[in-house]
1. Please verify whether segment D:142-152 includes one or more residues that are crowded, with 20+ Cβ neighbours inside 10 Å, within 29 Å of residue D:330 (Cα to Cα) and not acidic (Asp, Glu).
2. Out of all the residues in segment B:320-333, which are closer than 14 Å to residue B:293 by Cα and surrounded by fewer than 22 Cβ atoms within 10 Å (Cβ to Cβ)?
3. Does at least one position in segment C:146-153 carry a residue that is more than 12 Å from chain D (Cβ to nearest Cβ) and of a type in the set (Val, Ile, Thr)?
4. Filter segment D:291-314 for residues that are of a type in the set (Gly, Ala, Ser) and at positive phi; which is nearest to the chain's Cα centre (by Cα)?
5. Mind listing whichever residues of segment C:320-341 are more than 12 Å from every other protein chain (Cβ to nearest Cβ) and hydrophobic (A, V, I, L, M, F, W, C)?
6. Return the pair list, or none, for Cβ contacts closer than 7 Å from residues in segment C:255-284 that are within 20 Å of residue C:353 (Cβ to Cβ) to residues that are polar (S, T, N, Q), at least 6 apart or on different chains.
7. Taking residue D:30 and the conditions (1) under 25 Å from residue A:295 (Cβ atoms); (2) in contact (Cβ under 8 Å) with a residue 12 or more places away in the chain; (3) not β-branched (Val, Ile, Thr), which numbered condition does it fall short on, given that it satisfies the others?
8. Scan segment B:166-211 for residues that are more than 13 Å from chain A (Cβ to nearest Cβ) and either without any contact (Cβ under 8 Å) to a residue 40 or more places away in the chain or assigned to a helix (DSSP H, G or I) (or both) and jot them down.
Protein chains: 4
Amino acid sequence: MTTTASARRTRRRVAVLGATGAVGQAFIRRLANHPWFELAEVAASERSAGRPYAEAARWIGTDRIPGDIAGRRVVACDPDAVTADVVFSALDASVAGDVEAAFARAGRTVLSNARNYRMDDDVPLVIPEVNAGHLALLETQRRKRGWPGAIVANANCSTIVAVLALAPLHERFGIERLFISTMQAVSGAGYPGVPSLDILGNVVPYISGEEEKIETESLKMLGRLDGDHIVPAAIGVTAHTNRVPVEHGHTICMSLGFGSRVSPDDVRRALEEWQGDERARGLPTAPAHPVEVTSEADRPQPRRDADRGNGMTVTVGRIRRDPVLDVKLVALGHNIVRGAAGASVLNAELMEHNGMLPG
Amino acid sequence: MTTTASARRTRRRVAVLGATGAVGQAFIRRLANHPWFELAEVAASERSAGRPYAEAARWIGTDRIPGDIAGRRVVACDPDAVTADVVFSALDASVAGDVEAAFARAGRTVLSNARNYRMDDDVPLVIPEVNAGHLALLETQRRKRGWPGAIVANANCSTIVAVLALAPLHERFGIERLFISTMQAVSGAGYPGVPSLDILGNVVPYISGEEEKIETESLKMLGRLDGDHIVPAAIGVTAHTNRVPVEHGHTICMSLGFGSRVSPDDVRRALEEWQGDERARGLPTAPAHPVEVTSEADRPQPRRDADRGNGMTVTVGRIRRDPVLDVKLVALGHNIVRGAAGASVLNAELMEHNGMLPG
Amino acid sequence: MTTTASARRTRRRVAVLGATGAVGQAFIRRLANHPWFELAEVAASERSAGRPYAEAARWIGTDRIPGDIAGRRVVACDPDAVTADVVFSALDASVAGDVEAAFARAGRTVLSNARNYRMDDDVPLVIPEVNAGHLALLETQRRKRGWPGAIVANANCSTIVAVLALAPLHERFGIERLFISTMQAVSGAGYPGVPSLDILGNVVPYISGEEEKIETESLKMLGRLDGDHIVPAAIGVTAHTNRVPVEHGHTICMSLGFGSRVSPDDVRRALEEWQGDERARGLPTAPAHPVEVTSEADRPQPRRDADRGNGMTVTVGRIRRDPVLDVKLVALGHNIVRGAAGASVLNAELMEHNGMLPG
Amino acid sequence: MTTTASARRTRRRVAVLGATGAVGQAFIRRLANHPWFELAEVAASERSAGRPYAEAARWIGTDRIPGDIAGRRVVACDPDAVTADVVFSALDASVAGDVEAAFARAGRTVLSNARNYRMDDDVPLVIPEVNAGHLALLETQRRKRGWPGAIVANANCSTIVAVLALAPLHERFGIERLFISTMQAVSGAGYPGVPSLDILGNVVPYISGEEEKIETESLKMLGRLDGDHIVPAAIGVTAHTNRVPVEHGHTICMSLGFGSRVSPDDVRRALEEWQGDERARGLPTAPAHPVEVTSEADRPQPRRDADRGNGMTVTVGRIRRDPVLDVKLVALGHNIVRGAAGASVLNAELMEHNGMLPG
């Protein structure tokens, strides 16, 4: 770590692509005072390019635009316009495919939130505490694609929250069957996102593509690296996804069946003892506890628990016997922080710490 | 039916116990202009007895107190104070046990919403379209308890909604495994019920006793009458129950495994063709369709679908293949109408129509 | 009335412009089974034209698209494509100016919800119960503009609700000063309208242009017809407008100062006795009581009172002494029904009944 | 300040009365790590006394019970059971009258949130930045009542927020007329407080006693100390108070009339320049800016601005010309922090700093 530590005396310049949207704003918050990264550029669509950030973006947080970003001029999402070697992508899937590839081709490392490359064989889909080792796929990626740069993805927001609760249990006991039902916050749909007329006092039991993401991305992240590809975890998983009138925080009910007899106490202990991959420990935005267990009968709750660990901790509660499988529980995490911008930033920290970022 | 038809020239006098609460108010709405029943008495706790109804109750609907009920004097929940032979009980479980028994002992027929007697071997737990035949248990009940009256129960609100969607499928295909996750409206907790500070912009993943009710009551209703008792359905069922900031309407996600191969199309057809027990057809408040199927991608939704069939229709949507079991779907119904007061009134209509009410 | 009555044996064909939006949908609901009008055509933007209505519109109600409208093909908002003589305009202000004029020029009578012509000297801005006589401006309009057709406007939603509560008091006592503060439902912003991230658990104390509309349109409607123009009411009025997380129903707090001493009891009596212009009585969708007074301490409330009179009644409550002016009170009405689509339809009924519609 | 500074080397022991309720919890949060005060005792009703705090209270925040309070045993609200010399009262008005007097009689200084003594001639009603000088009434209080202790009150939550926005303007320009309309968060009603069935998707235009409190308490605080009493400000004020589905933060629309011509720019400048009474500056929980002006068109908003200045800053926006009076604007503040617990703690800091606390 000595070399990277000295490299950090001057912070590494990074950029955010898609900086005006909801996730883009979350990136700005997390990078504003980052000890290792300096937010050097904010990039967005042609429509926004050239305008001061404060004009181009409708800032939707409870805070103010941090630092000097408000006056910063937005640049285009183009490797010619962006100079930073490391870019965080909050781009919409409709454009992320081309733009992220262009940046990788131009030698940049792309930390992507978009769904486009997540399930590609040679793209690591990473949660540092869970599967840091999957970053080894980057060699394959460079070889196969011939890119001097790289794309590293993080999963869909609800999947990340679920997988953080599942990883300790799959590592220790082996999950075989999994039923998931989510209640997801409106911020997961971006801004303007869900119209208030659709969700005030209502539930919408459908989120386009979300169930498929959970059912595939979770198996890749819980899978095993085998040379140049990931062998997905052999878990039968089904997901129901729902939108609820909550601002931030996805709540996830799960029933789990294991290969052997596992009790609620076993599960609780495994979650409490888990610390995650040691390569993730001590990173600047890594929480002290990636997973926390609550014993209060009616927790976790999004409004009360989403911010734990600065939004990076997943809270698990209601661990109890499942009458059909083995154990049921509820997991909750902040969809915009742990489930999106914070996930990418933590991935970048992991790469920086391990000398995997350029130059 | 000739005798009961003539009896109906003068409507049968009925009473509501626990008339001031949320479910009690729903009873008043449904009985206010009922063709067969005349709401003769409103009974409530000692604290309310003697006061005009409008003073004793905090009316929480969007309507006004119907008819002349506002000025009606509340009587005590006591068989000496109530004269009607048929009583609808919206009593809280903390008092329902004693009070309902006292009425049955006094020769009254009690249509109960309370949980106290639901799982007793000799108490029919009835949804007319699903298991009208279970009313035959009343003979056993009278014999065993020596009551001249009777107690007939309806299930917990979320269970009723789920069972209406399940019954057509269990009848036709045989369900073996069942995963349930609910998102329940605040009106299910009565009034004042859920504090706004707990539920505004939040989800509470816990409702006391609710999961156990779903896991047991559903099996009794889907079970088979065998002489003097019910053989519960042999379904492995697990439930997750959640409170969401919705006024009325419980939304229920379900994954179903059958004994044989069943496709989403089979399920859709079975639901569309199902008409329920013929003894329930044509009853005054029976909906034309106890179950309706929607093919819209994002329905059913509580605010938009809870009132279908005057609150008595359960809407089922998102019927699709389940990657672990066979089929998954979403059901939705009005918890206060189909799930509580409307359920009891329909049970009473079924009994009236079949000459099972006193006199 | 004999001629129009016979004309009604066959219902008059009408069209809705901007039929796919939130207000357009409200028009469809109100015209679906109208005794005098037959909804013959649904028109919308070029993007929608040619497609079946059910595909072009995202239906946002709790009901289903009425009658055969779902399959009806949408036509363009063009007098060449629309054949009906009477058109209801739910067009956005950005296009209403040109389109409505084109229809009037083509001999059609336009009942407009848009703001574009409301304050023009020769355009009647009408609430039938309040200022039916202002329709006389149509002569001036035809003379000045040379249109064979006509434009009749209704006011902004919050203004209509306020003016219905104010008219009885201004007629009887003369209002001199008026303070208004609104809490407006999200449906007033159309669909998709207000993003849920902006309004869940929040208040937005700003609605673009709304305060100016209230401060000017109310004076025109409470004004006096003087030959070819309206002399606006001489009331000093100030408005604060706010968006709140409510689905339907605008709640309006008002403090009123009169020219003479007026007590809360005077106000209550004036409101209770008021029946509005007799020309509006008995129209098909006119409510029995355009204004109702509630004496409950905490009413009116949007969720509980917006639907009174089928959405056409304004409820007034909390009539009490104002320590600075004379009296303060709260008014509430359904913004989409009385405040928009229902307002236009009632205007058309008034014109039909008085032989003011073409042919 | 030298003596008090040295006194602070060991923090002063304080107690909270009514510690289990919503405001009591807010006190605990604000006193948990206070530099000058040590939260030594938590007192509540007889029902709670003797139980560990975590059992007696239903903690409703997003955080956990701070420090070692969870295990602390609750004592009775009785001067014999509480030993601290300074007590913060979050008691309900139904008991605060007797209990607070008993503490004052027993020589304790009571910082009270309750309404009971607020309008008494000899009880200072204080916002440190606004009327620190009113604390001089304590001499009169001691003389008239013979109490060795004292009661110092803070105003009702909405009044405090309004007065912080008004004080700079009244000081500089002299307000003569004032129209106020509030939209108040549910946390203002305590816990369990407002039932969700009453407020989800709704507005309740009534809060018991609230309008009277605003209309009287504001004039006392903006009034002038004249020997042994306060001459209330000569402002004509009328208030409309409403409950809205917001968690924290009261939004207040105001129209202001001044004695002379005052423009929106004058108002903005006066607010921006105002620093408040110098005696309040630098107190531990005093915000850098008691009042902040926002120029964003649609701010302040409760969810986005209530937490400014750690909940102690009032945000004012939409400063514009009023067509009837002079200027209108919107003010917003955190009702539980600046409007309740934070207000009392700041009052205690002011007294400590000025040597007005016992011993």
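The values are calculated or read from the model by the stated rules, or taken from the named source; none is laboratory data. Since the model is a prediction, treat every value here as computed from it, not as a measurement. Virtual Cβ from ideal backbone geometry, glycine too; neighbours counted across all protein chains shown.
1. There is at least one residue in segment D:142-152 that is crowded, with 20+ Cβ neighbours inside 10 Å, within 29 Å of residue D:330 (Cα to Cα) and not acidic (Asp, Glu).
2. Initial filter on segment B:320-333 (closer than 14 Å to residue B:293 by Cα): B:320, B:328-333.
Passing the criteria: only B:320.
3. First, pick out the residues of segment C:146-153 that are more than 12 Å from chain D (Cβ to nearest Cβ): C:146-153.
Next, only the ones that are of a type in the set (Val, Ile, Thr) stay: C:151-152.
Checked against the condition, which is being more than 12 Å from chain D (Cβ to nearest Cβ) and of a type in the set (Val, Ile, Thr), segment C:146-153 yields at least one hit.
4. Of all residues in segment D:291-314, those of a type in the set (Gly, Ala, Ser) come to D:295, D:297, D:306, D:309, D:311.
Within this subset, residues satisfying the condition of being at positive phi are D:309, D:311.
Working: D:309: 15, D:311: 11 Å.
The residue in question is D:311.
5. C:337, C:340, C:341
6. Taking only residues 6 or more apart or on different chains, the pairs are C:279/C:354; C:281/C:275.
7. (1)
8. Start the filter on segment B:166-211 by keeping residues that are more than 13 Å from chain A (Cβ to nearest Cβ), which leaves B:166-174, B:188, B:190-193.
Answer for segment B:166-211, where residues must be more than 13 Å from chain A (Cβ to nearest Cβ) and either without any contact (Cβ under 8 Å) to a residue 40 or more places away in the chain or assigned to a helix (DSSP H, G or I) (or both): B:166, B:167, B:168, B:169, B:170, B:171, B:172, B:173, B:188, B:192.
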